[in-house]
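In what follows, a single structure is set out as C-alpha cells and then discussed.
The values are calculated or read from the model by the stated rules, or taken from the named source; none is laboratory data. Not measured: the values here are computed from a predicted model. Here the Cβ positions follow ideal geometry from the backbone for every residue, glycine too, while neighbour counts run over all protein chains shown. Just so you know, the surface numbers come from the protein's heavy atoms only, side chains and all, with ligands and any DNA or RNA stripped out. Shrake-Rupley method; radii C 1.70, N 1.55, O 1.52, S 1.80 Å.
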Amino acid sequence: MDRFACKTAQKGFGAGKAYILHGGPAAAYRPGSPEEEAARLDRAAAEMNRKLAARKAQADATETALLDAETAILNGDEFLGEARRGILEKGLSAPDAIGRTADSLCAMLRESGNSYIQERCEDIRGLASGLAALARGSGQGMPTEPCILVGTELSPGEITMAGPDILRGILTETGSPTSHVSVLAGSLGIPYLYGLENLADKVRDGDYLILDSEAGGICVHPDGEQIREAEARQAAAEKARAEQRKQAAGKTTRTKIGANISRAEEADGLAEAGADGIGLFRSEFLFLNRSEAPSEEEQYEAYRHAAEAMGGQETVIRTMDIGSDKRAEWLEMPEEINPALGLRGLRVSLKYRELFRTQLRALLRAAKAGNLRIMIPMVASEWELDEALKELRAAAEELDARKESYAIPDVGVMIETPAAVMIAPELAAKARFFSIGTNDLGQYTLAVDREARDMDAYFNPMHEALLRMIGMTVKAAHEKQIPVAVCGELAGRPEAIGTLIRLGVDELSVSPAKLVATRNAAAEAEAAIEKERRPKTAEGIRSPAEGELIPMAEIPDPAFSGGIMGECVGILAEDGNICAPLSGTVTTVAAAKHAFSIRNGETEVLVHVGLDTVQLKGEGFTVHVREGDRVEQGQPVLDADLDLIRARGYNPMVIVVRLNAG
Ligand code: PEP
Ligand code: MG
C-alpha cells in the first residue's frame with residue numbers, strides 16, 4: 001500500500017477504483033486496434049479544425065494569418081498524413097503517433113537554420129498537444145460504475161458528465177478549493193482532494209484508492225482487509241449522511257439556511273432534508289456538455305421541477321453564468337487571455353440576447369409553479385442590471401403575445417464584484433434581494449485567480465477586506481429593507497458562520513451536504529449572540545435567560561415581590577437555557593436544582609427558576625456546575641424543562657435576586 005499526501009478541496013471519505021479521465025495522464029489511455037486509433041485521430045482532427053475555425057471568426061488580421069498557418073500544418077500530409085501512417089504502419093496509438101510526428105517535424109525545422117521557421121516548432125508542439133488530448137478524450141467514455149474520478153485537471157462539465165451519483169470522490173493533480181470543480185463537488189457532497197504531484201506515476205486507471213481528507217491524502221493499492229474496512233466506512237458515512245439529513249428538518253434558526261444546487265433533480269427531498277429553500281440554482285450546468293443550447297421547453301421543465309419540489313419555499317435560480325472555466329462547447333466564445341475577467345455571467349447573456357430571453361421566458365413560465373426568484377450573476381454596473389430587467393420585460397411581452405401564462409418573480413443581484421459592493425446602495429434600490437458570491441468576490445478583491453494552484457495562502461476568505469465588503473453590502477441592503485444571503489463557499493465554513501451572522505447576513509446558502517452542519521453552527525452562533533445582547537445592569541449583571549422582564553412588584557410571589565431577600569426582577573423565559581448572570585464563584589446550588597447563586601466580590605446574585613419549584617425535588621432540572629466552581633458570565637449553568645414545570649402546575653418565571661449583603 002502507498003500513501004500520498006494531498007490537499008483538501010472538499011472534505012470527506014471515499015473509496016473505490018480510480019477512473020482516469022482523458023485530461024489525465026497518458027498512462028490512462030487504452031489503445032484500440034489500428035483502425036480504431038486512426039478513427040480517433042480523424043475525430044480529433046475534425047474537432048481541432050472546428051476549434052480553429054471558431055477562433056478565426058473572432059480573430060484580427062495577424063491572428064488570422066497564424067490560424068491559417070496552423071490549419072495548413074494540421075491538415076498537411078507532413079502532419080496528419082504522417083501520424084496516420086504511424087498508426088496504420090507502425091501500430092502506434094493515436095496520441096503517440098501525434099507526438100512522434102511533431103518530434104520529427106520539429107527536428108526537421110530546427111535544421112533549417114532560419115529562426116522564423118524554427119519558432120514554428122512551438123506552434124507545432126501546441127497543436128500536437130491539443131490534438132493528442134482530443135484523441136485521448138475521444139478514446140474514452142465516462143464511468144458507468146461507482147469510482148473515484150481522477151485527472152491531472154478536470155472541468156466542471158466533466159464532473160456532471162461523469163454522473164455525480166456514482167462518484168465516490170475526485171482526485172486531481174492541479175486544483176484549488178474555490179475552483180468550480182470544487183464548488184460543484186461540494187454541492188454534490190463528493191469529497192475532493194488535489195495537489196498530488198506527478199499523479200500519473202502514482203495512480204493508474206483501475207487502482208483501488210482510499211481518499212480520506214481527515215488523513216490528509218490517499219492510499220493506493222490497499223490490501224484486502226483495508227478494502228473491506230474502507231467499503232464499510234464508506235457505507236457507514238453514506239448512512240450517516242442520510243440520517244443527518246433527516247435530523248436537520250427539526251431545527252430552526254432565525255438565519256435561513258438554503259441549498260446550492262446545479263441540477264433540478266437535486267431539489268427533490270431538499271425541503272425534508274432541512275433546507276429553507278434553494279439559495280442558488282446554478283442554471284448554467286443545463287447548458288454545458290451538449291452540442292446545442294437547451295430549448296425553452298427543456299429549461300422550463302427543469303425550473304418548474306425545482307420550484308415545485310420546494311413547495312412554497314424560495315427557489316432562487318441564477319441566470320446562466322457561462323464563461324471563464326464554464327465553457328459551453330456550442331457557444332462561440334472569444335479566446336481570452338484571462339477569461340475570468342472577460343465574457344462571463346451577465347456579460348454573456350447581454351451579448352447573446354436571444355439565448356438570454358429564451359431562459360427568461362422559461363423562468364417566467366416556471367414562476368407560476370412555486371416561489372421562484374431570478375438572480376443575476378456578475379453585475380458590476382447599474383446599466384447591466386437595467387439591461388437585464390429590460391430583457392425580462394421583453395420576455396414577458398413575448399409571452400403575452402403568445403398568450404402564455406406566467407408570473408413575474410422577484411429579481412435579485414449577486415454581489416460578486418467589488419464594483420457591485422461599492423454601488424450596493426444603487427443596486428439595492430432596484431433589486432429585491434442580494435446574494436453575495438464570496439468565491440468570485442474573493443478572487444476579484446484579493447486579486448487571486450480562484451482556479452490557480454498553490455495560491456491558497458493568498459486566498460483568505462476571511463480577509464478583513466472581504467468581511468468589510470460583506471458588512472457594506474448588508475448595510476446597503478438593509479437600508480432598503482431587502483435581505484442578503486451569502487451563497488459562496490464561505491457560507492458553509494464553520495469558522496465563518498458566526499462572523500457572517502454578526503455582520504447581519506440573513507441567509508446562508510450551502511451545498512446540500514453541509515445543510516446540517518451549517519444549521520447547527522448557525523444555531524450556536526445565534527445563541528451566543530443572544531447572550532451577548534442580554535440586558536446588563538449597572539453592576540454588569542446580565543439576564544440569565546432570554547425573555548420579557550417583569551418588574552419586582554409584579555412577581556406573583558410575595559417572597560420575591562416583597563424584596564425580603566433583595567432587589568429582584570422576573571423573566572418570562574423563552575427557553576430553559578439558564579446562564580451565569582455574572583462571572584464569579586458558585587456559592588450555592590439548591591438540592592432541588594432549581595436555584596443557584598454566584599458571588600463576585602461584594603455582589604451576589606441568586607437565580608431561582610420557577611415559583612415553588614422546590615417541590616419538584618429536581619425533576620426537570622439539570623445543573624452543569626457545583627458549589628465552588630468558577631464560572632464566566634453567559635456560561636450555561638442550568639437546563640430547565642419549562643414545559644414539564646408548567647405541566648406540573650408551576651409558574652416557570654425565572655427570578656433574579658441581587659442578594660442583600662451579609
Ligand atoms: C460565488 O462566486 O461565490 C458563487 C456562489 O458563484 P460561483 O461559485 O458559481 O461562481
Ligand atoms: Mg460566482
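The residue list L360, L341, L331, L346 contains one member that is within 14 Å of ligand 1 (Cβ to nearest atom), in the same structural domain as V448 (by TED's automatic domain parsing) and open to solvent by less than 30 Å² (accessible area, probe 1.4 Å), which is L346. Among the residues of region 182-212, the ones that are out of contact with any Gly (no Cβ under 6 Å at 6 or more places or on another chain), under 27 Å from R228 (Cβ atoms) and not basic (K, R) come to 16 in all.
Looking at A590, is it of a type in the set (G, A, S), surrounded by 14 or more Cβ atoms within 10 Å (Cβ to Cβ) and within 30 Å of L490 (Cβ to Cβ)? No, not satisfied. Put simply, of I645, I655 the only residue that is in a helix (DSSP H, G or I) and either of a type outside the set (A, V, I, L, M) or over 24 Å from A525 (Cβ atoms) (or both) is I645. Would you mind finding the one in E292, E272, E284 that is touching a residue at least 12 places away in the same chain (Cβ under 8 Å), farther than 25 Å from S155 by Cα and either in contact with a Lys or Arg (Cβ under 6 Å, 6 or more places away or on another chain) or not in a strand (DSSP E or B) (or both)? When all the criteria are applied, what remains is E272. In summary, L549 fulfils each of the numbered conditions (1) under 15 Å from P581 (Cα atoms); (2) touching a residue at least 60 places away in the same chain (Cβ under 8 Å) with the single exception of condition (2).
Restricted to region 479-494, and to residues there that are in a helix (DSSP H, G or I) and either in contact with a Pro (Cβ under 8 Å, 6 or more places away or on another chain) or within 16 Å of ligand 1 (Cβ to nearest atom) (or both), the residue that is farthest from D440 (Cα to Cα) is E479. Just the residues that are out of contact with any helix residue (DSSP H, G or I) (no Cβ under 8 Å at 6 or more places or on another chain) and either within 16 Å of ligand 1 (Cβ to nearest atom) or without any contact (Cβ under 8 Å) to a residue 12 or more places away in the chain (or both), please, taken from region 456-473. Listed by number, the residues that qualify are A457, E464, R468. Consider E507 carefully, then state whether it is within 16 Å of ligand 2 (Cβ to nearest atom), within 29 Å of G12 (Cβ to Cβ), under 14 Å from the mean Cα position of the chain (by Cα) and open to solvent by 10 Å² or more (accessible area, probe 1.4 Å). When the stated conditions are applied, E507 does not pass them.
Taken together, A465, A424, A485, A429 contain a single residue that is open to solvent by less than 30 Å² (accessible area, probe 1.4 Å) and more than 16 Å from ligand 2 (Cβ to nearest atom), which is A424. Given the structure, is I497 open to solvent by less than 10 Å² (accessible area, probe 1.4 Å), within 16 Å of ligand 1 (Cβ to nearest atom), under 18 Å from R254 (Cα atoms) and not in a strand (DSSP E or B)? Answer is yes for this residue. Filtering region 84-95 for residues that are at pLDDT below 85, assigned by TED's automatic domain parsing to the domain that holds E35 and farther than 26 Å from P334 by Cα leaves a non-empty set. In region 393-420, of all residues being within 16 Å of ligand 1 (Cβ to nearest atom) and assigned to a helix (DSSP H, G or I), the one that is surrounded by the most Cβ atoms within 10 Å (Cβ to Cβ) corresponds to A420.
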